[in-house]
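Okay, so here's the structure we're looking at.
The values are calculated or read from the model by the stated rules, or taken from the named source; none is laboratory data. Computed from a prediction, not measured in an experiment: that's the story for all the values here. Counting neighbours? That spans all protein chains shown, and the Cβs are built from the backbone with ideal geometry, glycine included.
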Number of protein chains: 2
Amino acid sequence: MTQSSQTFTDVLSDSLAILQAASLRKTQSRVELLKALIAQHGPFSVEELHQQVKFKKVDLATVYRCLTVFESVGLVKRCDFGDGVARYEIHHGSSHHHHHVICKICRKSENIDDCEVQRLEQLVLSKGYSQITHYLEFFGICQKCS
Amino acid sequence: MTQSSQTFTDVLSDSLAILQAASLRKTQSRVELLKALIAQHGPFSVEELHQQVKFKKVDLATVYRCLTVFESVGLVKRCDFGDGVARYEIHHGSSHHHHHVICKICRKSENIDDCEVQRLEQLVLSKGYSQITHYLEFFGICQKCS
DNA sequence: GTACGTGCAAAAAATTTGCAACCAA
DNA sequence: TTGGTTGCAAATTTTTTGCACGTAC
């Protein structure tokens with residue numbers, strides 16, 4: 001697993017530290033969401049996350065708002081799997097750059113840890129763009145579905 | 001330009017042939033949409049396409065329905081730029097595999113014609129997935145916006 | 001105490017669907 | 001003729017926003 005070098009508790013406290021460093025309050029909603037994001041390896045859709053936290057009285061609108069904030073401070077990464085639903089996964093110190101393979105049928109994803117795309121970013125740089133990032137996803141049909 | 005090896009007319013008639021080969025009718029809405037998709041290099045959002053064809057009495061729902069059909073026969077490619085809006089670009093014989101750089105601010109895109117990612121697909125293949133495709137987009141800020 | 005955040009409800013944006021009329025083959 | 005398509009309207013789905021209240025610091 002990508003994030004096994006740190007325990008759940010480590011990642012959570014690091015995440016909370018990032019929140020506080022950004023002058024963001026440690027509210028129950030945010031803590032619950034972070035716990036959900038860290039406990040299982042995402043990416044999760046907003047709806048999936050809401051399912052996990054709504055019994056703690058966390059509203060769907062709050063989920064949207066928290067995820068937006070989390071993304072702005074780099075706590076989560078937004079992923080788009082081409083189906084019109086935004087997904088988020090936790091991002092922390094020991095979670096390195098990676099991509100996903102998404103099953104075209106069940107929509108489950110698996111990590112792809114290799115990435116040779118940095119070189120291509122040079123090309124983009126030479127076209128005059130700055131602050132370049134890239135987004136790479138693989139689509140296929142997993143064994144269970146085929 | 002990517003598709004300059006064929007003229008507008010060539011690409012349009014090829015596209016219409018694909019439609020007919022798939023037993024899909026050559027309706028005015030579909031022709032107008034294809035013309036819009038071919039005339040300028042996309043990708044276009046559904047809304048942008050609708051703006052281009054609505055004076056021809058093509059309804060927004062029809063745009064959605066046509067694009068879904070076009071995608072299912074490989075006439076267009078769906079692109080997600082991570083902003084929750086689906087975009088489509090024409091795909092035809094002489095339009096080769098490519099990616100985009102998307103400006104984080106104006107959302108305009110430019111083609112990236114190099115792709116070395118095929119090798120990575122081998123890795124995905126070895127994980128038991130079939131019918132693998134990949135999706136790669138670059139994000140950055142273009143000169144005009146920075 | 002004072003912002004910042006939240007719940008709730010309503011609005012907005014994006015997409016899908018039902019159905020009668022239309023039209024391409 | 002006739003079944004695939006469309007326009008229109010309504011319904012869903014996804015996301016955002018306004019506002020008064022709650023709460024972290």
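Okay, here's what the table says:
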| item | result |
| --- | --- |
| Residue within segment A:13-21 that is more than 24 Å from A:ASP80 (Cβ to Cβ) and more than 14 Å from DNA strand D (Cβ to nearest atom) present | yes |
| Tally, over segment B:5-30, of residues that are within 15 Å of DNA strand C (Cβ to nearest atom) and either in a helix (DSSP H, G or I) or within 14 Å of chain A (Cβ to nearest Cβ) (or both) | 12 |
| Number of positions in segment A:10-30 that are under 17 Å from A:GLU89 (Cα atoms) and β-branched (Val, Ile, Thr) | 2 |
| Qualifying position, being closer than 22 Å to B:SER95 by Cα, within 12 Å of DNA strand C (Cβ to nearest atom) and either assigned by TED's automatic domain parsing to the domain that holds B:VAL11 or not basic (Lys, Arg) (or both), among B:LEU67, B:LEU33 | B:LEU67 |
| Per-region count, segment A:44-66, residues surrounded by 21 or more Cβ atoms within 10 Å (Cβ to Cβ) and in contact with a Lys or Arg (Cβ under 8 Å, 6 or more places away or on another chain) | 2 |
| Pairs, first of a type in the set (Asp, Glu) in segment A:11-36, second assigned to a helix (DSSP H, G or I) and surrounded by 12 or more Cβ atoms within 10 Å (Cβ to Cβ), C-beta under 9 Å, six or more apart | A:GLU32/A:GLN52; A:GLU32/A:VAL53; A:GLU32/A:LYS56 |
| Residue in segment A:38-61 that is in a loop (DSSP other than H, G, I, E, B), free of Cβ contacts under 8 Å to residues at least 12 places away in the same chain and away from DNA strand C (no atom under 14 Å from the Cβ) present | yes |
